[in-house]
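Visitor: Below is the structure I would like to discuss, written out as structure tokens.
The values are calculated or read from the model by the stated rules, or taken from the named source; none is laboratory data. Since we're looking at a predicted model, the values are computed, not measured. Counting neighbours? That spans all protein chains shown, and the Cβs are built from the backbone with ideal geometry, glycine included. Note: accessible area is taken over every heavy atom of the protein model, side chains too, but ligands, DNA and RNA are not part of it. Shrake-Rupley method; radii C 1.70, N 1.55, O 1.52, S 1.80 Å.
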Amino acid sequence: MKQKIEGLIIQAVEKLMAEGVLNLDTTPAIMIERTRDAQHGDFASNLALVLAKPAKLNPRQLAEKIIAALPINDAITKIELAGPGFINFFVNPNMQYAVIKQIHELGHSFGLSTIGKGKKIQVEFVSANPTGPLHVGHGRGAAYGSAVSDLLEAVGFEVHREYYVNDAGRQMDILATSIWLRYLEVCGEHVTFPSNAYRGDYARTIASDIYNNDKDNYRRTIELVLEDIPADEPDGGDKDEHIDALIARMKTLLGPVLYREFFQIGLATILEDIKLDLIEFGVDYQQWFSERQLMDDSSVENALERLRIGGYLYEQEGATWFSSSQLGDEKDRVVIRENGQYTYFASDIAYHMNKLDRGFDQIIDIWGADHHGYVPRVKAAIKALGADESKLNVLLVQFAVLYRGEERVQMSTRSGEFVTLRQLRSEVGKDAARFFYLMRRSEQHMDFDLKLATSKSNDNPVFYVQYAHARVCSVLRQLDEKGWGKNLLLGLENLEKLTEEHESSLLATLARYPEVLERSALQYEPHQLVIYLRDLAHDFHTYYNAHQFLVDDEVLRNARLSLICAVKQVLANGLGLLSINAPESM
RNA sequence: GCGCCCAUAGCUCAGCUGGAUAGAGUAAUCGGCUACGAACCGAUCGGUCGGGAGUUCAAAUCUCUCUGGGCGCACCA
């Protein structure tokens, strides 16, 4: 309908151009939008206001000319000139009924589109270090990333969801050592736990499991472990030197093979936990991409070689630098440290080269907002690798600030003081948690009050939407109990019976769904869909309270049933895209 | 100090690529079940869109500036 009116306007403009009334080289893209107020018709165009200046006419005069030039079309019952020069279109109510038939025809695929043309998009999100369970901060990225991915798929892109596993580097060594020290405790050694180690309970759990399976296999006496180890911070030393020395000691005492084994057990356990957690949260990946693999198959080496050939690398003070500053970054970055180790950035360059080489049309990285300073250097790397930087789109998700009532909850993986995503799910449920995360714009700082989310969970807006769906189901159950049965065909043939105001506004809302989906996907804004679903649920609840569906008049009854079944379908489609349940009853 | 993000009703947030009278939820007050589920609906109350200047026929939306918050400025990941 929207496109139809747009077509009419374009015809009118072309006509005026041919007549010499208008003289333009380009026609503006924005032409028509849905009105907010029913008094302004169904659609409105600001064309005359935009073109007034180049046409050297006053807006209302121009609007009159445009209206006069508009072709006659029976889909439009009235065209009005309003306000400073708006052109308002009133759509033939009979046209509005078409959406119901369309919804029943297409079912769960109503709203889907092919605008993505099968283009391949890679979406990388969450990618939290596997040094502990996911916390509620990761939850927002997980909900957002999966929703964006699913939406893109719904509008015709081929989406590849990926989690980058940082299974190399010092943090992982610290984790292995943390678990090992807990293991030694289980073995009966008296360990003073380092201040810089991972203190969460999960390290103890993993340690106990290892002990149960392998007994004393990895045990070394604490005296051997601590011999000549520099003091920890609480004892007047340096916490980094302390933990690094312990890591080195663990490696020498266990030897490379046992160390590797132990390390792998810790990594695998945590990674499995994360995978399961995410699946239960409605997040599924096509690929878990290992950073270590980039090291092992010399991808990092190759990536740096490519930069070197391009003339982007140089040596200074014993380190190797990437001259990213000439490509938009604020300063150059080290890729190989003085000690010969690659930096994290080096493997990230290799990872992005790998993404580019896999032939994606678009690459989307979803990061926490604390990484925003990292964007220019990755873009610089993309450019240095010879690719177009617009191929990479970095979407930043702001932090969710946690509160328990008035009190702010501190989040730190290291200290082990954090609320896990799993805890959140068990307290408020997957549906409520996802809905809560997704209803806010991702760039918006968000307050997440756990106390409110748990104690008043009935006020959670997700129930409002789910209730609308369950209510339709309930009506259908009542229908069966009355022994009336549903005659959809009869209803669809008599949709003109739907003349109530509530009915026409519901029709208009239903018709908006495909547009909302498209916008929501192309702008990476799932919250638009969430807000739409709330609007749709509201229109339905209002209608429900104002009119009876199960009336004696069989024709009217079935017309209304076909309408509310369409509502049910769209609610289910929308919720489904957000991986939120649409329950039959609640 | 430099850079990025944010600021809309008491609180939590929408406001669609600038558009007509800035909207929801929640809190407060009042009203609606002998009804297809009241986990709902309706009404009232509540706003200098952080302040100021500019661009425009039109600014919450764009530009500049100031204020106030968040985050980032490693040979950490």
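Visitor: Over all directions, average the projected area of the Cα convex hull of segment A:170-273 and note it in nm².
Guide: So the mean shadow area of the Cα hull is 6.0 nm².
Visitor: While we're here: Run the helix sum for chain A: -39,500 (n - 2.57) per DSSP H stretch of 4+ residues, divided by residue count, reported at 222 nm to the nearest 500 deg cm²/dmol.
Guide: -17000 deg cm²/dmol
Visitor: Among A:476-482, A:179-185, how do they line up from the highest to the lowest mean number of other beta-carbon atoms within 10 Å?
Guide: A:179-185, A:476-482
Visitor: Here is a follow-up. Can you pull the semi-axes for segment A:48-157, root of five times each eigenvalue of the Cα gyration tensor, sorted largest first, whole Å?
Guide: For segment A:48-157, the ellipsoid semi-axes come out as 46, 23, 13 Å.
Visitor: If we sort A:135-143, A:224-232 on the protection proxy, mean other Cβ atoms within 10 Å, highest first, what's the order?
Guide: A:135-143, A:224-232
Visitor: Using the beta-carbon distance between A:Arg408 and A:Ser298 and R0 = 51 Å, what value does 1/(1 + (r/R0)^6) give for FRET efficiency, to the nearest 0.05?
Guide: That pair, A:Arg408 with A:Ser298, gives E of 0.65.
Visitor: Sticking with this one: Counting DSSP beta bridges with both partners in chain A, what percentage is antiparallel, nearest 5?
Guide: 50
Visitor: What does chain A give for Rg and for Dmax, in Å, if only its C-alpha atoms count?
Guide: 30.3, 96
Visitor: Output ³J(HN,Hα) for segment A:239-256: one whole-Hz value per residue in order, computed from phi by the Karplus curve 6.51 cos²θ - 1.76 cosθ + 1.60 with θ = phi - 60°, and x for Gly and Pro.
Guide: Each residue of segment A:239-256 in turn: 5, 6, 4, 4, 5, 5, 5, 5, 4, 4, 5, 4, 5, 6, 5, 8, x, x Hz.
Visitor: Ok, one more. In vacuo Debye scattering of segment A:2-91, one point per C-alpha: log10 I(q)/I(0) at q = 0.10, 0.24 Å⁻¹?
Guide: Taken in order of the listed q values, log10 I(q)/I(0) reads -0.21, -1.30.
Visitor: Using a 1.4 angstrom probe on heavy atoms only, work out the carbon and sulfur share of the accessible area of chain A in %.
Guide: Answer for chain A: carbon and sulfur cover 48 percent of the accessible area.
Visitor: Is the shape of segment A:190-331 best called rounded, prolate or oblate, per the rule: a/c under 1.5 gives rounded, else a/b larger than b/c gives prolate, else oblate, with a ≥ b ≥ c the square roots of the Cα gyration tensor eigenvalues?
Guide: oblate
Visitor: Suppose all protein chains stay in the model; what accessible area per residue would a 1.4 Å probe give for chain A, in Å²?
Guide: 46
Visitor: For segment A:136-216, what is the Kirkwood estimate of the hydrodynamic radius, computed as the reciprocal of the mean inverse distance between distinct Cα atoms, to one decimal in Å?
Guide: 15.6
Visitor: I've got another one for you. Return the sequence-ordered ³J(HN,Hα) values of segment A:548-562 in whole Hz as given by the Karplus equation 6.51 cos²θ - 1.76 cosθ + 1.60 applied to θ = phi - 60°, using x for Gly and Pro.
Guide: Values, residue by residue: 8, 8, 8, 8, 5, 4, 4, 5, 4, 4, 6, 4, 5, 4, 5 Hz.
Visitor: What do you get for trypsin sites (Lys or Arg not before Pro) in segment A:1-93 restricted to DSSP loop and a cutoff of at most 14 other Cβ within 10 Å of the site's Cβ?
Guide: Passing sites in segment A:1-93 are A:Arg36, A:Lys56.
Visitor: Provide the per-residue ³J(HN,Hα) series for segment A:344-358, in order, calculated from phi with Karplus coefficients 6.51, -1.76, 1.60 and θ = phi - 60°, each as a whole number of Hz, with x at glycine and proline positions.
Guide: My calculation for segment A:344-358 gives 4, 4, 4, 6, 5, 4, 4, 4, 6, 5, 4, 4, 4, 5, 7 Hz in order.
Visitor: Taking Cα centroids, how far is segment A:509-543 from segment A:180-208 in Å?
Guide: 50
Visitor: Next question. How many lysine pairs in segment A:2-91, separated by 8 or more positions in sequence or lying on different chains, have Cα atoms less than 22 Å apart?
Guide: 13
Visitor: Need one number: the % of Cα-Cα pairs in segment A:293-439 sitting beyond the 28 Å mark.
Guide: 37
Visitor: Lys/Arg Cβ at +1, Asp/Glu Cβ at -1, dipole of segment A:170-273 taken about the Cα centre: which of A:Phe262, A:Trp180, A:Leu226 is farthest positive-ward?
Guide: Of the candidates, A:Phe262 comes out farthest on the positive side.
Visitor: Around A:Val394, which amide H atoms from residues at least 5 apart in sequence, or from another chain, sit under 5 Å from its own amide H, with H modelled in the peptide plane?
Guide: A:Asp365
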